[in-house]
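Take a look at the structure set out below.
Coordinate-derived values only; no laboratory data. This is a predicted model, so every value here is computed, not measured. We place every Cβ from the backbone using ideal geometry, glycine too, and count neighbours over all the protein chains shown.
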Amino acid sequence: MWSSFFADRRGGVAPMFALGLVPIIGFVGAAVDYSRGNAARTAMQASLDATALMLSRDAANMAPGAVSSKATSFFNAQFNRPEVANPQVTAVLSTPQQGSFVLDVTASGNVPTTFTKLLGQQKLDISSSAQVKWGVKKLEIALALDNTGSMAQNGKLTQLKSAAHNLLTTLQTAAKQPGDVKVAIIPFDTTVKIGTGFKDEFWVDYTVKSIQKNNWTGCVMDRDQSNDVQDTTPVAGSVHTLFPATTCGAKLASMIPLTDILDQTGWTNLNSKIDAMQASGNTNVTIGLAWGWHALTPNLPLTEGSDPAPDKDKVIVLLTDGTNTQNRWSSSESNIDARAALACTNVKAANIKI
């Protein structure tokens, strides 16, 4: 009887199919489980990205222990996947250098398996990470603004004033505490009006134009070359480093050195200076750029600028509508352009953005 049973091959495929069905179901089920795990991880990454972005707004001002706690709260509000067991979130804020921040946020959890339990795997571990980098830098900015005659055409000076006021408002909104943003305004034509408050400074040279100190109206022209395109500190007795006094155009507004934009008096003065600008005279971009540079450094002639630092940006916004027409030595556009180009190169080499 038993020998007949084992010899009978008519039903042999059935037990083989039954035995083969177990791994087939296991592997198909594994694909389903891994698909569930991958979907959960994708959702985890999206929630973690949102968490990192939201947390970065306040992380720099939070106590170290509060960063991970806040990250967990943000993440749990975003992540709605009940199949993920034991979700854990950690957040670490680091400062690679002054004024620079890096926020690393990680999340992990596991998805209990359904089919792959047949193969001995009880859960799928999943994890994600997100990183946000940002900087909180202080800003010193000089607005070198063309006040020459051509700016009177087609409402250009009116638009300049509107844009400058809007920029000041934007910068004031961005500043969070005193010292965050400082602004200088340098109106220019062929000269810059620094003001008669500097008349007794050793670095004002009255000999070039034979001007009487007490009759000086506050303007200076290009320094001797090549100091005309440099931020060379003036030295007593070194005539090539001094600033030649000259007569002012009747309408040229005086400059304002770096001023804290959150200081109420400073804020008023900056906006009033913009309103006071009038268009007149010829164009010498070089001197506007040079005095914008002077305004951003701590050495003479202007000393309101601070030393360079990793948490500080220095920027010159140079606005002009037209062609260089006159400097101390020439009315040749190409000659004056060459001085302006050299000044630009030197400013950028000093790590100041234009």
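With an 8 Å Cα cut-off and a minimum separation of 6 or more residues, compute the relative contact order for the chain in percent. Display every interim value, and only then the final one.
On the way: 667 pairs, mean separation 59.1, N = 354.
17 percent.
So what is the calculated 222 nm ellipticity per residue for the chain, using -39500 (n - 2.57) for each DSSP H run with n of 4 or more, over all residues, to the nearest 500 deg cm²/dmol?
Here the helix-only value at 222 nm equals -12000 deg cm²/dmol.
Using modelled backbone amide H atoms (1.01 Å from N, in-plane), which distant-in-sequence or interchain residues come within less than 5 Å of Leu139's amide H?
Val181, Lys182, Asp313
Name the cysteines of the chain that stand alone by the Cβ rule: no other cysteine Cβ under 4.7 angstrom.
Cysteines of the chain left without a disulfide-compatible partner: Cys344.
Using θ = phi - 60° and the Karplus relation 6.51 cos²θ - 1.76 cosθ + 1.60, list the HN-Hα couplings for segment 310-325 in order, rounded to whole Hz, with x at every Gly or Pro.
For segment 310-325, the Karplus-derived couplings read x, 9, 9, 10, 10, 9, 10, 9, 9, 10, 9, 9, x, 8, 4, 10 Hz, x marking Gly and Pro.
Among 194-203, 228-237, 246-255, 292-301, how do they line up from the highest to the lowest mean number of other beta-carbon atoms within 10 Å? It would help to have the intermediate numbers written out before the result.
Working: 194-203: 14.6, 228-237: 16.6, 246-255: 19.0, 292-301: 21.9.
In descending order of packing, they fall as 292-301, 246-255, 228-237, 194-203.
Could you work out the percent of alpha carbon pairs in the chain separated by over 30 Å, rounded to a whole number? Intermediate results must be reported in sequence, preceding the final value.
On the way: 35579 of 62481 pairs.
Percent of Cα pairs beyond 30 Å in the chain: 57.
If I fit a long axis through the Cα atoms of helix 333-349 and take the longest principal axis of the Cα atoms of the chain, what angle between them do I get, 0 to 90°, rounded to 10?
50
Based on the Cα gyration tensor of segment 108-195, what are the three equivalent ellipsoid semi-axes, each the root of five times an eigenvalue, rounded to whole Å and given largest first? Don't jump to the answer; show the numbers that get you there.
Numbers: eigenvalues 762, 52, 21 Å².
Largest first, segment 108-195 gives 62, 16, 10 Å.
What does the extension gain come out to for Thr233 and Ala63, with contour length at 0.36 nm per residue minus their alpha carbon separation?
Details: separation 170, 0.36 × 170 = 61.20 nm, distance 4.39 nm.
Between Thr233 and Ala63, full extension yields an extra 56.8 nm.
Just to confirm my numbers, what's the Cα centroid distance between segment 291-354 and segment 56-119 in Å?
Rounded to whole Å, the Cα centres lie 47 Å apart.
Please rank Val192, Val111, Val208, fewest neighbouring Cβ atoms within 10 Å first, as an exposure proxy. Don't jump to the answer; show the numbers that get you there.
Values: Val192 29, Val111 21, Val208 17.
Lowest to highest Cβ neighbour count: Val208, Val111, Val192.
Using a Förster radius of 51 Å, what is the FRET efficiency between Ala349 and Gln88 based on their Cβ-Cβ separation? Nearest 0.05, please.
Values: r = 50 Å, r/R0 = 0.98.
For R0 = 51 Å, the calculated efficiency reads 0.55.
Around Thr246, which amide H atoms from residues at least 5 apart in sequence, or from another chain, sit under 5 Å from its own amide H, with H modelled in the peptide plane?
Amide H to amide H, under 5 Å and 5 or more residues apart or across chains, Thr246 pairs with Cys219, Val220, Met221.
I need two numbers for segment 138-349: Rg to one decimal and Dmax as a whole number, Cα atoms only, in Å.
Rg then Dmax for segment 138-349, in Å: 16.4, 48.
Restricting to segment 138-349, what percent of DSSP beta bridges are antiparallel, rounded to 5?
Details: 7 of 26 bridges.
That works out to approximately 25 percent antiparallel.
In the chain, what percentage of the DSSP-assigned beta bridges are antiparallel, given to the nearest 5? Please list the in-between numbers first.
Values: 28 of 48 bridges.
Antiparallel: roughly 60 percent of the beta bridges in the chain.
Pairs Lys156/Lys176; Lys193/Lys251; Lys161/Lys251; Lys176/Lys312; Lys273/Lys312; Lys182/Lys314: which are spaced more than 21 Å apart, C-alpha to C-alpha?
As for pairs spanning more than 21 Å Cα to Cα, those are Lys156/Lys176; Lys273/Lys312.
Starting from the amide H of Thr259, placed 1.01 Å from N in the peptide plane, find each other amide H under 5 Å away whose residue is 5 or more places distant or on another chain.
Answer set, sorted by chain and number: Val183, Ala184.
Can you tell me the 0 to 90 degree angle between the C-alpha axis of helix 285-295 and the longest principal axis of the chain, rounded to 10?
That works out to roughly 70 degrees.
Could you list Arg81, Arg339 in order of exposure, starting from the residue whose Cβ has the fewest other Cβ atoms within 10 Å? Let's see the in-between values first.
Working: Arg81 17, Arg339 25.
Final ranking by Cβ density, sparse to dense: Arg81, Arg339.
Principal axes first, then extents: for the Cα atoms of segment 252-301, list largest minus smallest coordinate on each axis, whole Å, largest first.
Extents along the principal axes: 34, 29, 12 Å.
Taking the Cα-to-Cβ direction at Ala163 and at Glu333 and moving 7 Å from each Cα, how far apart do the two end points lie in nm?
The answer from the label model is 2.0 nm.
Dipole magnitude of segment 133-228 about its Cα centre, charges +1 at Lys/Arg Cβ and -1 at Asp/Glu Cβ only, in debye to the nearest 20?
Working: 12 positive and 10 negative charges, 99 e Å.
In total the dipole reaches around 480 debye.
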